[in-house]
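Report on the structure given below.
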Amino acid sequence: MLLLGAPGWAARTAALPDPVETLARGLAGPSVSYDGTVSVRGAKGRSKKMRVRCAPPACRREIVDSKGAALLVVVTDGAREWVFDKRLNKVWQGAGPGSPEEGKAYAAHYRIAVSTGGRVAGRPSWRVELSPKSGVALRRRLWIDREQGLILRDESYLPDGTTVSKSRYSRVAYGVSHDAGLFAPDSPAGALKAGRLDMDDGERSRARESSGLEPKTPAWLPSGYVLEGVELVAHRDKKIVHYRYSDGVHALSLFQSPPRARLDLGTKDRRDVRLAAGAGFASWSDEGGVLGWTQGETRLVMVAPLGIEALERIAESVR
Amino acid sequence: MACSGFEVILSAYADGEATPLERRRLEEHLAGCKACGVRLAIILKSKGILAAMPAPAAPPDLKASLLRAAASVDAPASGLGRAPSRRGQARRGLRETLLGLWDDAFPRYGLAFGLAAFLVVGVWFQKRQDEPVPIDLMIAAHRQYSLAQPLALAQGGQPSAAGQDQDGDESED
């Protein structure tokens, strides 16, 4: 009886692809054009709908309201990225996110396993499980289109199992033709313009004068993130600069502390990391991953619902 | 006993008021200490000079000024005119002893004491400067921001109902 079932079982297990190659394919994305609808759920369960139309390497993502009208638009041509917020009538532009991390970089941080993932948006998928080797970073699950390599579903969890972020395609079609104008940046007349990740001179001066610190900001962030503002957090006689970034769904914070300020981590789990920028630590909180490090005489701490590989890439880009 | 311990006895000895024990100890000390011998000689010579000087006449209003000074001193709670108690005498003796020790020690140890005090203050100040910044403060600031970020508000994000993001078939093989 067992032997009768063996060929089917053997066929299923033999068909599993290499986990790192499967992940790499998903990170690279499809090579054909596609059009889909995604549900995204971020902090505190807020859910948003997104329309995605891509003709690789160009791509357009729109967060839409209940009527399908675009509220936030992200357009990239692969090298540059524009983000338009309709409510603020503001455009952020700057360098695009560039090439994704290679699968090998993930292998350094995660144990990667692949299994059959069922169908998502009607498409057969592989499920890739990323378990952090450190135990203090976010865990991820990706469902990757078996034929086209699109990440159809993406879920992140804290070490205690709490969901941090979810996104899933509810509909996707491949090989569609798009109007080239879709991938031209939206810059309506009168829109405010800002650097995607840059502080303007006024913001920089204010941050410097208020805190006594020379501002340090990242040169790289995942696609869609923009610098929304800079605030100060006071602690006794110290002023901590709080750089605020968002992609319309998630928030990312970077904190800069005065020189010689020691960080009190409380009783959180942590592990030491070594960045090119300096010594640091990785930890986690209800808000996602936490990465702290020393760069010269500055102490920096980042909080974001991102995996450790993304946090480290951001940290390495801070100037 | 060190030379400093004999200074008081030297004076009493020169006045003929040292006790037999004090006299014997001092004489034993003087047998081996030239410095104290010199001190004793100075005291005795001073006594001789003072004794040779004519006694100054008392000012005519000495009695009146002394009585005025006495009247201005606060009377002890136990009553005016009473002789100091043995406890009071002991306290005064202790105070004088401590002051004597201070007068003796300060020239030698004052610099070290000052340096130590400076170091203590310096360490305290440095500790205050190095007071740790709790990371929970930063996480709270991030949480506040993530709940109120303008881009999210602009999109009017709604809490996800159960199953709301379960569009499409989801069967696992």
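Under 6 Å between Cβ atoms, which residue pairs at least 6 apart in sequence (or on different chains) link something in region A:225-241 that is at the interface with chain B (Cβ under 9 Å from one of its Cβ atoms) and over 16 Å from B:SER146 (Cα atoms) with a partner that is in a strand (DSSP E or B) and of a type in the set (A, V, I, L, M)?
Once the first residue is at the interface with chain B (Cβ under 9 Å from one of its Cβ atoms) and over 16 Å from B:SER146 (Cα atoms) and sits in region A:225-241, its partners that are in a strand (DSSP E or B) and of a type in the set (A, V, I, L, M) give A:HIS235/B:VAL133; A:ILE240/A:VAL233.
Counting only residues that are under 26 Å from A:ALA304 (Cβ atoms) and out of contact with any helix residue (DSSP H, G or I) (no Cβ under 9 Å at 6 or more places or on another chain), how many does region A:203-216 have?
Residues of region A:203-216 under 26 Å from A:ALA304 (Cβ atoms): A:203-204, A:206-208, A:210-216.
Still in the running and out of contact with any helix residue (DSSP H, G or I) (no Cβ under 9 Å at 6 or more places or on another chain): A:203-204, A:206-208, A:210-212, A:216.
The number of residues fulfilling the criteria is 9.
Report the residue count in region A:88-134 for those that are farther than 22 Å from A:PRO222 by Cβ, in a loop (DSSP other than H, G, I, E, B) and touching a Leu at 6+ places or on another chain (Cβ under 9 Å).
Within region A:88-134, residues that are farther than 22 Å from A:PRO222 by Cβ, in a loop (DSSP other than H, G, I, E, B) and touching a Leu at 6+ places or on another chain (Cβ under 9 Å) number 2.
For region A:223-235, state whether one or more residues are part of a loop (DSSP other than H, G, I, E, B) and at pLDDT below 90. It would help to see each step written out before you state the result.
Looking only at region A:223-235, we keep the residues that are part of a loop (DSSP other than H, G, I, E, B), and these are A:223-225.
With the extra rule that they be at pLDDT below 90, the set shrinks to none.
No: zero hits.
Take the residues in region A:1-32 that are out of contact with any Ser or Thr (no Cβ under 8 Å at 6 or more places or on another chain) and assigned to a loop (DSSP other than H, G, I, E, B); name whichever of them is modelled with the lowest pLDDT.
Quick first cut of region A:1-32, residues out of contact with any Ser or Thr (no Cβ under 8 Å at 6 or more places or on another chain) only: A:1-11, A:13-15, A:17-32.
Of the ones still in play, those that are also assigned to a loop (DSSP other than H, G, I, E, B) are A:1, A:15, A:17-18, A:29-32.
Working: A:MET1: 47, A:ALA15: 84, A:PRO17: 95, A:ASP18: 94, A:GLY29: 92, A:PRO30: 95, A:SER31: 94, A:VAL32: 96.
So the residue we want is A:MET1.
Within region A:243-259, take every residue that is buried (at least 23 other Cβ atoms within 10 Å of the Cβ), of a type outside the set (S, T, N, Q) and farther than 9 Å from A:TYR225 by Cα and give me the one that is nearest to the other protein chains (Cβ to nearest Cβ).
That would be A:PHE255.
So which of A:GLU101, A:GLU81 ends up being surrounded by 22 or more Cβ atoms within 10 Å (Cβ to Cβ) and either within 14 Å of chain B (Cβ to nearest Cβ) or touching a residue at least 40 places away in the same chain (Cβ under 8 Å) (or both)? It would help to see each step written out before you state the result.
Values: A:GLU101 fails: surrounded by 22 or more Cβ atoms within 10 Å (Cβ to Cβ).
Testing whether each residue is surrounded by 22 or more Cβ atoms within 10 Å (Cβ to Cβ) and either within 14 Å of chain B (Cβ to nearest Cβ) or touching a residue at least 40 places away in the same chain (Cβ under 8 Å) (or both) leaves just A:GLU81.
Can you name the residue in region A:119-163 that is among the hydrophobic types (A, V, I, L, M, F, W, C) and within 11 Å of chain B (Cβ to nearest Cβ) and is also farthest from A:ALA310 (Cα to Cα) among such residues? First the steps, then the outcome.
We begin by selecting, within region A:119-163, every residue among the hydrophobic types (A, V, I, L, M, F, W, C); these are A:120-121, A:126, A:128, A:130, A:136-138, A:142-144, A:150-152, A:158.
Now narrow it down to the ones that are within 11 Å of chain B (Cβ to nearest Cβ): A:120-121, A:126, A:143, A:152.
Values: A:VAL120: 25, A:ALA121: 27, A:TRP126: 22, A:TRP143: 19, A:LEU152: 20 Å.
Among residues in region A:119-163 that are among the hydrophobic types (A, V, I, L, M, F, W, C) and within 11 Å of chain B (Cβ to nearest Cβ), the one farthest from A:ALA310 (Cα to Cα) is A:ALA121.
Among the listed residues B:GLU28, B:GLU22, identify the single one that is touching a helix residue (DSSP H, G or I) at 6+ places or on another chain (Cβ under 8 Å) and either under 25 Å from B:ASP103 (Cβ atoms) or at pLDDT 80 or above (or both). I'd like the intermediate steps shown before the answer.
Working: B:GLU28 fails: touching a helix residue (DSSP H, G or I) at 6+ places or on another chain (Cβ under 8 Å).
Result of the check over B:GLU28, B:GLU22: B:GLU22.
With respect to A:VAL40, determine if the residue is more than 8 Å from chain B (Cβ to nearest Cβ) and closer than 29 Å to A:THR162 by Cβ.
yes
Cβ-Cβ distance below 8 Å, separation of 6 or more or different chains: which pairs start in region A:282-305 with a residue that is surrounded by fewer than 20 Cβ atoms within 10 Å (Cβ to Cβ) and end on one that is assigned to a strand (DSSP E or B)?
Cβ pairs passing all conditions: A:SER285/A:VAL303; A:THR294/A:ALA279; A:THR294/A:GLY280; A:THR294/A:LEU300; A:GLN295/A:VAL318.
Exactly one of these conditions fails for A:GLY266: (1) facing chain B (nearest Cβ under 8 Å); (2) more than 22 Å from the chain's Cα centre (by Cα); (3) under 20 Å from A:SER317 (Cα atoms). Give me its number.
Evaluating A:GLY266 over (1) facing chain B (nearest Cβ under 8 Å); (2) more than 22 Å from the chain's Cα centre (by Cα); (3) under 20 Å from A:SER317 (Cα atoms) leaves (3) as the failure.
Out of A:LEU142, A:LEU72, report the one residue that is in contact (Cβ under 8 Å) with a residue 60 or more places away in the chain, over 30 Å from A:GLY229 (Cα atoms) and not charged (D, E, K, R). Show your work before the answer.
Numbers: A:LEU72 fails: over 30 Å from A:GLY229 (Cα atoms).
Exactly one residue qualifies, and that residue is A:LEU142.
From the list A:SER210, A:SER205, which one is within 22 Å of A:THR294 (Cβ to Cβ), more than 13 Å from every other protein chain (Cβ to nearest Cβ) and part of a helix (DSSP H, G or I)? Full working, then the answer.
On the way: A:SER205 fails: within 22 Å of A:THR294 (Cβ to Cβ).
Just a single option satisfies the conditions, and that option is A:SER210.
Take the residues in region A:33-49 that are buried (at least 22 other Cβ atoms within 10 Å of the Cβ) and modelled with pLDDT of 90 or more; name whichever of them is farthest from A:GLU155 (Cα to Cα).
Looking at residues that are buried (at least 22 other Cβ atoms within 10 Å of the Cβ) and modelled with pLDDT of 90 or more, I get A:TYR34.
Kindly check whether there is at least one residue in region A:44-57 that is within 14 Å of chain B (Cβ to nearest Cβ), assigned to a strand (DSSP E or B), touching a residue at least 12 places away in the same chain (Cβ under 8 Å) and touching a Leu at 6+ places or on another chain (Cβ under 8 Å).
Within region A:44-57, none of the residues are within 14 Å of chain B (Cβ to nearest Cβ), assigned to a strand (DSSP E or B), touching a residue at least 12 places away in the same chain (Cβ under 8 Å) and touching a Leu at 6+ places or on another chain (Cβ under 8 Å).
The values are calculated or read from the model by the stated rules, or taken from the named source; none is laboratory data. Computed from a prediction, not measured in an experiment: that's the story for all the values here. As a convention, Cβ positions derive from the backbone with ideal geometry for all residues, glycine included, and neighbour counts pool all protein chains shown.
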